[in-house]
1. What angle do you read, to the nearest 10 degrees and between 0 and 90, between the alpha-carbon axis of helix 321-349 and the longest principal axis of the chain?
2. How much accessible area per residue does the range 88-154 have, in Å², with a 1.4 Å probe?
3. Using only the alpha-carbon atoms, how far is helix 359-389 inclined from the longest principal axis of the chain? Give it as 0 to 90 degrees, nearest 10.
4. By the scheme Lys and Arg +1, Asp and Glu -1, what is the net charge of all other residues having a beta-carbon under 14 Å from that of Leu384?
5. At 1.4 Å probe radius, can you tell me the per residue accessible area of the range 344-431 in Å²?
6. Taking DSSP loops as anything outside H, G, I, E and B, show the longest stretch in the chain free of trypsin sites (Lys or Arg not before Pro) there with at most 16 other beta carbons within 10 Å.
7. Assuming a ≥ b ≥ c are the square roots of the Cα gyration tensor eigenvalues, decide whether the range 290-431 counts as rounded (a/c under 1.5), prolate (otherwise, with a/b larger than b/c) or oblate.
8. Calculate, for the range 1-84, the solvent-accessible area per residue in square angstrom, rolling a 1.4 angstrom probe over the heavy atoms of the protein chains.
Amino acid sequence: MEQHDHLLATARQYGYVEDDQVWLRPFMTLPARRVGQVKDSPDTSLIYFAQRFELFRAKVEDLLAKMAASDNKGSFLMKALHLKEQVASYDGLGDFESLYHRLTEAEEGINVTIAQNREKNMATKLGVLQELEELRDTLDFQTATERVKALRQVWIKTGPVDKELIEDMEDRFRAAVDAFMQRKRDFLADKKAMTNRVQDKYMALIRQSEALQDSDDFENTTRKLKQLQQDWKDIDATLPRKQANDLWTRFRAAHNHFFERLKVHINTKRTENQPEDNLARKRGLVAEAEALLHRPMSEAVARAKELQAAWKKVGPVRGEESDRVWEQFIAACDKVFELSSLEHYIRKRHGGAPEPGTRDDQIAARVQALREFVKSDRQEQLVLEENLSKLNVSPGNESFRTMLQGKIRAFERKIRTKNHLIELLQKGVLV
């Protein structure tokens, strides 16, 4: 009963009945307007339209409560505007003016929030654009591509900016992405073209090697194959690992085929003329040992040890040529082992990481390292020579004297070998 009286009082405050019609009193700038017709009785009709107002007020209260609890207040703007429009036409009796003001206040708050959000969105999108445009000079396209994908997602998920800026911002974003993608396409095209050129150079050396692998002109062919091995090392470019390995395997196969035939040839000649055969075999071992400098170090060291074992199995050579061919052979092997030690030192100094610098920088680093090694060897040699000079001449010291002399000769050979490697590096024969 109390609620009934309250509704009737509210209805009479904001409305009235006239000529069997229910009217809403004027408010704000709006004139009085008819909201319905009396059906049962004036009071019943007034209560009915007061109840309709309560339904409308409940919608407004619900909307405002949801707005207050939400972080995304901008999503309620259209609903608030729709209810605000209904204030002027909704059939009910109540305080529409207060609801209008509350909805206006909510609208203004939403607009402030939208403006703040658009400023944040603008800052975010400007940051995305700046980072995208900074990628124009990158060469790490793999990492940059992933970053562009991430920035594109940030752009998509970021809300709108002011309407008058949307088109310009979107154009700038598309231009930055398109510019990056075009540079990436150009880079990959250039890289592919370079790879093709490098592959063509390697293939030319492979074809020349395969054309020589069955030659019977062993002496001249050995010289030509050594030059081809040097030409291979002089190609200053890299290929994908599998592609490079496949090309190297084919190139090496042609050379191995020839040198296996060279061994057979030497063995055949030995049966015909043993002394001359021994010399030819040893010369063949010298030629192969000298060619090892142009093979990968791990293979070269292993092969040098095999050649040393093979040398021991070859019979003697007569005359002065025996010492000459031995000196050539041991010098070639020494260079392989010294170069292997040098490369191990270089790798260890860089902690296994790719060696920095240009080819000239890498050569200079090796020359400097060898000079330091030579200096250390000479110091060791001087100590040995000083100890030898202080040794008393007596039969009891003869074995120790012989040992010191042997060590001094060993250091002389080491120094001579390192100096030769320095000359080869400076001439560009070695990398």
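The values are calculated or read from the model by the stated rules, or taken from the named source; none is laboratory data. What you see is a predicted model; the values in this text were computed from it and never measured. Note that each Cβ is placed from the backbone with ideal geometry, even for glycine, and that neighbours are counted across all protein chains shown. What goes into the accessible areas is simple: the full protein's heavy atoms, side chains included, and nothing from ligands, DNA or RNA. Shrake-Rupley method; radii C 1.70, N 1.55, O 1.52, S 1.80 Å.
1. Orientation of helix 321-349: about 20 degrees from the principal axis.
2. On the way: 3800 Å² over 67 residues.
Dividing the accessible area of the range 88-154 by its residue count gives 57 Å².
3. It works out to around 40 degrees.
4. On the way: positive: Arg378, Lys390, Arg401, Lys407, Arg409, Arg413, Lys414; negative: Asp377, Glu380, Glu385, Glu386, Glu412.
Every neighbour counted, the sum reads +2.
5. Working: 5830 Å² over 88 residues.
Heavy-atom accessible area per residue stands at 66 Å².
6. Values: sites that count: Lys39, Arg318, Lys390, Lys427.
Segment 40-317 is the longest.
7. Note, shape of the range 290-431 comes out oblate.
8. Numbers: 5400 Å² over 84 residues.
Ligands and nucleic acids excluded, the result is 64 Å² per residue.
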